[in-house]
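Here is the structure we will look at, set down as structure tokens.
The values are calculated or read from the model by the stated rules, or taken from the named source; none is laboratory data. The model shown is predicted, which means the values in this text are computed figures rather than measured ones. For neighbour counting, all protein chains shown are included, and Cβ atoms are generated from backbone atoms with ideal geometry for every residue, glycine included. We work out accessible area using only protein heavy atoms, side chains counted, and drop any ligands, DNA or RNA first. Shrake-Rupley method; radii C 1.70, N 1.55, O 1.52, S 1.80 Å.
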Amino acid sequence: MRYGIFSDIHSNLEALEAVIAAYKKESIGSYLCLGDVVGYAANPNECVKKVKSIAQVSVAGNHDWAALNLFSAEYFNAAAAQAIFWTKSKIDENSISFLKSLKLVYKNEDLTLTHGTLDEPQDFNYLTDGFMAEESFKLMEGEICFVGHTHVAGIFMNDKDGCTHYSGADYSQIKKGNKYIVNVGSVGQPRDGNPKAAYCIYDSLKKEVQIKRTDYDIVSVREKIIAAGLPNYLGDRLLAGR
């Protein structure tokens, strides 16, 4: 199976449409979303509708839960909290119903999905270092888990000797006996210095993971954010990928 795995759209419709268009060239068999469909940008309902139509499985992100009052906005910075309150005022019943349906963790015979970490997934902790990764590795039943949340693509690997390694490479061969946690980066708000929308492809037969990027109309998204009355900062940061 060739999986198209993506995360952290954050109401950025143009980025999501660009990623979907890129996936259409990749012979994808199943689409999986790692959460945070909403938040930050100006098209929450449109993004929910597209994710609902294309993704066979989606899991919940902290912004998705916050929009439903299931996760406190006090954990967000001022700009993010303002975007949450704005999103709450804009999402329709169809979006609310979809976001309420999302679980925290998904597993099948090929992979595991969660937004942040496998340990205490409801807390949406950031998986940023080897120690955090090791806590999730302990809970993994399979060989590979996909996460988002940090908006920085990268791969943690736990080898046969129990040592954890990290790589920012955009390709990895999955080797038998190792375990992998793959951060797929962000569709709608990358934070690794590359403003292009990030997305992942996992081939479970070839045992290959690829992180790819695609251009989109960032200027239009920034203009829509500002026109909606959201903080200018949320539009400006898209230009730098930070």
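Please state the relative contact order of segment 91-189 as a whole percent: Cα pairs under 8 Å, 6+ residues apart?
Computed over segment 91-189, the figure is 25 percent.
For the chain, build the charge dipole from Cβ charges (+1 Lys, Arg; -1 Asp, Glu) around the Cα centre, then report which of G229, F71, L127 sits farthest towards its positive end.
G229
In nm, to one decimal, how far is the modelled label at A78 from the one at S30, with both set 7 Å along Cα→Cβ?
A separation of 4.5 nm, rounded to one decimal place.
Based on the alpha-carbon gyration tensor of the chain, what equivalent-ellipsoid semi-axes (square roots of 5 times the eigenvalues) come out, in whole Å, largest first?
Square roots of five times the eigenvalues give 28, 19, 17 Å.
Quick one: what do you get for segment 133-242 if you divide its Cα Rg by 2.2 N^0.38 Å?
For segment 133-242, the normalised Cα radius of gyration is 1.26.
Take I96 and Q173, extend 7 Å from each Cα along the Cα→Cβ direction, and tell me the distance between the two endpoints in nm.
Rounded to a tenth, the inter-label distance reads 5.2 nm.
Give me the distance between the Cα centres of segment 176-226 and segment 101-155, rounded to whole Å.
So the two Cα centres are separated by 16 Å.
Measure nothing fancy, just the Cα-based angle from helix 13-23's long axis to the longest principal axis of the chain, in degrees from 0 to 90, nearest 10.
Helix 13-23 sits roughly 30 degrees off the main axis of the chain.
Give me the lysines in straight-line cross-link reach of K160: C-alpha distance below 29 Å, same-chain residues under 8 apart excluded.
The reachable lysines, counting only those whose Cα sits under 29 Å from K160, are K107, K138, K175, K176, K179, K206, K207, K212.
Give me the lysines in straight-line cross-link reach of K90: C-alpha distance below 18 Å, same-chain residues under 8 apart excluded.
Cross-link targets: K49, K50, K52, K100, K224.
Please report, in debye to the nearest 20, how large the charge dipole of segment 41-169 is about its Cα centre when each Lys and Arg carries +1 at its beta carbon and each Asp and Glu carries -1 there.
The dipole of segment 41-169 has a size of about 680 debye.
Return the carbon/sulfur percentage of the accessible area of the chain, one whole number, probe 1.4 Å, all protein chains in place.
Carbon and sulfur: 49 percent of the exposed surface of the chain.
Subtract the Cα-Cα distance of K138 and D217 from 0.36 nm times their separation in residues, and report this length gain in nm to one decimal.
Roughly 24.4 nm would be gained on extension.
Mind checking the per residue accessible area of the chain for me, 1.4 Å probe, whole number of Å²?
Roughly 43 Å² per residue, with all protein chains present.
Say R0 is 30 Å: what FRET efficiency, to the nearest 0.05, do Y166 and E109 get from their beta-carbon distance?
Efficiency for this residue pair is about 0.70.
Over segment 12-169, what is the percentage of antiparallel beta bridges among all DSSP beta bridges, to the nearest 5?
Taking every DSSP beta bridge within segment 12-169, about 60 percent pair in antiparallel fashion.
When the helices in the chain are scored as -39500 (n - 2.57) per DSSP H run of 4 or longer and the sum is shared across all residues, what 222 nm value do you end up with, to the nearest 500 deg cm²/dmol?
Theoretical 222 nm ellipticity from helices: -9000 deg cm²/dmol.
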